[in-house]
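The values are calculated or read from the model by the stated rules, or taken from the named source; none is laboratory data. The shown structure was predicted, so the numbers you read here are calculated from the model rather than taken from an experiment. Cβ sites come from the backbone with ideal geometry, for glycine too, and all protein chains shown count toward neighbours.
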Amino acid sequence: MISGYTTRDGSNGTTNLNNTQVALPCRIGQRSLKESMPHLLRHRYGPAVSTAYPLGHYIEDYDYLGHHGLTLGTDFDLDEHNGRSCKTPEYPDGTYAYFVSIDALGTPTYPYNIGRTFYGSPTGAGSKQPTR
């Protein structure tokens, strides 16, 4: 499966963070912060990409391909929560499942197995967290 995330290196319409002063939060980061770029506070920006902070070091170094005109199910397989609906022998009617992205060597890659957002509603005793 192909992740819906790419490094913000200028490919696929992303901002090239190698050429900017600071790592600006991606759209998902802005939505999580509930702030938009014109109103984003300076302390929300990341450090400049450098030898000490190489591209790929922070969550903000990645962007979701769906925000750049590419299509889920055609250009990539996983949504912005790094999951998708699928059918399995255990769930023949279908279920939503999260995935861990790996590279060709089997090393986990962003968004690893913990993301900023999740799909659906939290459940359990006393759960009152908002969903996206």
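Looking at THR51, THR15, just one residue is among the β-branched types (Val, Ile, Thr), touching a Lys or Arg at 6+ places or on another chain (Cβ under 8 Å) and at pLDDT below 90, and that residue is THR15. Quick check on segment 108-127. Is at least one of its residues modelled with pLDDT of 85 or more and at positive phi? No, segment 108-127 contains no residue that is modelled with pLDDT of 85 or more and at positive phi.
The set of residues from segment 86-106 being surrounded by 12 or more Cβ atoms within 10 Å (Cβ to Cβ) and either of a type in the set (A, V, I, L, M) or in contact (Cβ under 8 Å) with a residue 40 or more places away in the chain (or both) comprises ALA97, PHE99, VAL100, SER101, ILE102.
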